[in-house]
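What follows is a short report on a single structure.
What follows is calculated from the coordinates using simple rules that are stated; it is not laboratory data. Worth saying up front: this structure is predicted, and the values here are computed from it rather than measured. All Cβ positions, glycine included, derive from the backbone under ideal geometry; neighbour counts span all protein chains shown.
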Amino acid sequence: MWKLALIFIVAGIFIVLALLGSSAKNLFSKAITEDVPVKLKKDNECVVEPSDSIPRVISNCNYAVGDMLSVTYKPKQPTLEKYELKNSSSS
């Protein structure tokens, strides 16, 4: 009985991974860190666009358009893992 349950669990894991496809691979990919400028700012949100061309939003943003940030993200994922100011455009 426990062998049958184990087979179903393993089969379920394979089905989920097959359905996720490349997104499962991206989930475990290495993080990338690069310097990017703040492209847009509206209200309290800033938008940066790293080299993978996916815009990412920073909420409660204290930066100005043109400020250079060091951002860390995973490719094809919409969120930033971390970010910090490299240099300010107003200095």
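For E84, project a label point 7 Å along Cα to C-beta. Then give me every residue of the stretch 48-78 with its amide nitrogen under 12 Å of that point. Once the point is set 7 Å along Cα→Cβ of E84, 70-72 turn out to lie under 12 Å by backbone N, inside the stretch 48-78. The angle separating the long axis of helix 2-20 from the principal Cα axis of greatest extent in the chain is about 30 degrees. The protection proxy used here, the mean number of other Cβ atoms lying within 10 Å of each residue, ranks peptides 81-88, 44-51, 56-63 as follows, highest first: 44-51, 56-63, 81-88.
Here the Karplus curve 6.51 cos²θ - 1.76 cosθ + 1.60, taken at θ = phi - 60°, turns the phi angles of the stretch 43-59 into couplings of 6, 10, 10, 10, 10, 10, 9, x, 5, 7, 6, 9, x, 10, 9, 10, 7 Hz, with x standing for Gly and Pro.
Using just its DSSP H runs of length 4 or more, each adding -39500 (n - 2.57), the chain gives a mean residue ellipticity at 222 nm of -8500 deg cm²/dmol after division by all residues. When Cα extents along the principal axes in Å is calculated for this entry, the matching label among [x] 49, 35, 19; [y] 69, 23, 18; [z] 33, 26, 20 is [y]. Between K42 and N60, the contour length at 0.36 nm per residue exceeds the alpha carbon distance by 5.4 nm. Under 5 Å from the amide H of L69 lie the amide H atoms of V36, V38, K86, each residue being 5 or more positions distant or on a separate chain, with H modelled from the backbone and absent for Pro and chain starts. Each peptide in 5-12, 29-36, 70-77 was scored by the mean count of other Cβ atoms within 10 Å over its residues; highest first, the order is 70-77, 29-36, 5-12. Across the chain, the mean sequence separation of Cα contacts (distance under 8 Å, 6 or more residues apart), normalised by length, yields a relative contact order of 24 percent. Residues in the stretch 67-82 carry Karplus couplings, in order, of 4, 8, 10, 9, 10, 10, 8, 9, x, 6, 9, x, 10, 9, 6, 7 Hz; the curve used is 6.51 cos²θ - 1.76 cosθ + 1.60 with θ = phi - 60°, and Gly or Pro positions show x.
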